[in-house]
Amino acid sequence: MPRRPPFWLTLLIILIGLPLCLPFLYVILRATEVGLTRSVELLFRPRMAELLSNTMLLMVCVTIGAISLGTFCAFLLERYRFFGKAFFEVAMTLPLCIPAFVSCFTWISLTFRVEGFWGTISTVRSPL
């Protein structure tokens, strides 16, 4: 029979989990204010299909780019010796340490204004 977690751990999980649910609860609250028919109209308008398809395309492109770049870098770092290898071994792990949104805001603030699909791809995939 599995043991129950301690009370303090349960309380900590609830205290951390509740704020994470706030954006979702806010959307539900706003949707109920306009009514069910209006919410359905807004949800199934043609623009939503365009936004969903753009999101899916972006997801596929970023995933393919991340897998390709990560595999290539891992192969180079594991198989070859070159000057600065230790630096690159550390540098390749930095995006795991820095939240993605910090990386994106840094990239945008340091460079030109990024717009459109390819700008989004370059911002999302920028390591810093």
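Listed by Cβ neighbour count within 10 Å, with the fewest neighbours leading, Phe88, Phe83 appear as Phe83, Phe88. Neighbour counting of Cβ atoms within 10 Å sorts the residues Arg81, Arg45, fewest neighbours leading, into Arg81, Arg45. For segment 1-110, rounded, prolate or oblate, judged on the Cα gyration tensor with a ≥ b ≥ c (square roots of eigenvalues), a/c < 1.5 rounded, else prolate if a/b > b/c? It comes out oblate by the Cα gyration axes. Normalised radius of gyration (Cα atoms, divided by 2.2 N^0.38 Å) for segment 1-44: 1.87. Computed over neighbours whose Cβ is under 15 Å from that of Val34, the net charge equals +1, Lys and Arg +1, Asp and Glu -1.
Values in this text are rule-based calculations from the coordinates and carry no lab data. Nothing here was measured: the structure is a model prediction, and the numbers come from that model. All Cβ positions, glycine included, derive from the backbone under ideal geometry; neighbour counts span all protein chains shown.
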